[in-house]
Structures are given as structure tokens and as C-alpha cells.
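Below: one structure, written as C-alpha cells.
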Amino acid sequence: MFYIEIFTVICLGLVLGSFATALIYRVPKKLPWGAERSACPECKANLGALDLIPVLSWCLSGGKCRHCSNKISSRYPLTEIVSGVLCLLIYLVYGLNISSLFLIASVPFLIALCVIDLRHMILPNQLVFILMGVGGVRLGYLFYSGDNLQATELLTVYIAGAFTYGFISWFLGFVLTKILKRNSLGFGDVKFFIVAGLWLGLNALPYFMILSGTLAIAFALCWRMVFKQDVFPFGPALIVSFYSLLLLQGSFSFLN
Ligand SMILES: [Zn+2]
């Protein structure tokens, strides 16, 4: 049973990773996500079921389009593998149940936000709002499914968390903008803080601030070395901290 579940979760993760690559390609171009069929970006040939098996299609075709033989970036299978691993970790901590499916469902959106922020320095609203919505439905499920979440906890830990994370990040951005005399924390980042508060709750706030702050400083230093730029995307540090704490909450009760 254990191995069947692991196999199922990895396959699900790979498929969600494939969905993430579609989001990464389509959302910044403002293309509809699902309406059109997937096509080769070079020759525009429609991709059939055989071309769309995560990782496997890429390996079997030698990393080339079957129609025009153009090279297909290894970023596609890599993104799928990362998604598979992230989903597997969620399974290993939380098992396979409705509650953990909410976490697994967030993975393609987290990956897409991370990559889009790295490339375009923006956290697109639609993706952030979806995470907010999934987080809200998850809380509703935990609340209505019985003893997991009490009404007071829902209000004082999670709803209050969303407001507090949002307010603190807005305030931080306001102060930093005054000190550094340039726009320091985008509104996309503030909205992601609200998402983090809604999912992680108030008790994880100090850990989220410390972890994301440390990662952001390390990341900013690397960014400056590689790209010689002072302005760097804050999203990846936020997203990595968010996912790590979601996992850690499964093992450490003081984070909940
Ligand atoms: Zn092609």
C-alpha cells in the first residue's frame, strides 16, 4: 500500500509540475491556461498525449520536438521533477488525505510564482489569489471536518494571522522605502504575506520572518554577485520559507 501511495503521489507531482510549466509560460503572456492545447513554442505543432507525459516524453525524444527537432529546454523535465519531490515530501510528512491534498494542490502555483518572480520580478495576482482561495477552502475543510480546528483558533490564529502578516509586511515595505528611498517591497509580496498568514497561522510568524529575512539577504547577495543589480525578487525567499514551514508544522507542534 505504501509503495502504491508513493507511486501515485510522485505521478501526481509530475503532472502538477507539467501544469506549473504551462503556468510559467502562459501567465506572464496573459494567455488562458487551459483553453488552448499545448503547442511547441517553435513550430506551433499541437502536442499530443505522447508528447505530454511528464519527464518521460522529454527523455524519449532526446530533449527535442518530434515535429521540428528544435531543442526543448531541460527546464521542463526539471520543473516536473522538482514538483514530484515537493509533493513526495508533503506525503512523507502528512500522508495521503484530504488535508494534505490542499498542500499538494498549492505546489504548482508556488513553483510558478517562484520562477515567474525570478524572470519578471512580479508575483501575478491571479496565482496569489488562487493560493489565498485554496488556503481559505482548506481552513473551511479543517473547521467543518470536526476536531481539527475550533472557531476561536480559526479566528485568532489564521484569520488574525492573515491580517498580521499582511500589516507587518506592508509596514516593513513602508519603512524600507523611506530609508532606502526606493520602492522596496512590492504589493505582490504583501499579498503573498497574507497568503502565508492564512496558511501558517500567527504562531509561525516569527519563524517565517526570520527564515524569509535570512534567505532574502543570502539571495540578494548572490543576485548582486551574478547580475550586478541591487534590485532582486523577494518572492523566492518568501515561497521557500512558506513551503519549508508548511512541512515543519507537520513535525513541530510549537509552529502550529
Ligand atoms: Zn516543434
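The values are calculated or read from the model by the stated rules, or taken from the named source; none is laboratory data. Because the structure is predicted, anything quoted here is derived from the model rather than measured. Neighbour counts are summed over all protein chains in view; Cβ atoms, including those assigned to glycine, are modelled from backbone coordinates with ideal geometry. The area values use the complete protein model at the heavy-atom level, side chains included, leaving out ligands, DNA and RNA. Shrake-Rupley method; radii C 1.70, N 1.55, O 1.52, S 1.80 Å.
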For a test of understanding, tell me how many lysine pairs in the chain have Cα atoms under 28 Å apart, given they are 8 or more places apart or on different chains. 16
Can you tell me the 0 to 90 degree angle between the C-alpha axis of helix 75-94 and the longest principal axis of the chain, rounded to 10? 50
With Cα coordinates, the longest principal axis of the chain makes an angle with the long axis of helix 98-120, in degrees rounded to 10, of 80
Just want the answer: with Cβ charges of +1 for Lys and Arg and -1 for Asp and Glu, which residue in LEU246, SER184, SER99 is farthest toward the dipole's positive end in the chain? SER184
Using a cut-off of 15 Å between beta-carbons, work out the net charge of the residues near ALA216 (Lys and Arg +1, Asp and Glu -1, ALA216 not included). -2
Take the alpha carbon atoms of the stretch 128-256, find their radius of gyration, then divide it by 2.2 N^0.38 Å using N residues; give the quotient. 1.13
So for the stretch 18-104, what are the equivalent ellipsoid semi-axes in whole Å, largest first, each being the square root of 5 times an eigenvalue of the Cα gyration tensor? 27, 16, 10
Test item: Cα-centred dipole of the stretch 1-96, Lys/Arg +1 and Asp/Glu -1 on Cβ, debye: 440
Nearest 10 degrees, 0 to 90: what angle lies between the long axis of helix 160-180 and the longest principal axis of the chain (Cα atoms)? 90
Given the C-alpha centroids of the stretch 177-196 and the stretch 209-231, what is the distance between them in whole angstrom? 15
I need the fraction of alpha carbon pairs in the chain separated by more than 23 Å, rounded to a whole percent. 55
Note to self: C-alpha centroids of the stretch 129-171 and the stretch 5-47 sit apart, in Å, by 29
Residue-averaged [θ]222 nm for the chain, counting only DSSP H segments that reach four residues, each worth -39500 (n - 2.57): -22000 deg cm²/dmol
Probe of 1.4 angstrom, ligands and nucleic acids ignored: what's the accessible area per residue over the chain, in square angstrom? 54
Of every hundred units of 1.4 Å-probe accessible area on the chain, the number belonging to carbon and sulfur atoms, as a percent, is 70
Please check: in the Gaussian network model of the chain (C-alpha springs, under 10 Å), which one of LEU23, LEU176, LEU103 has the largest mean-square fluctuation. LEU176
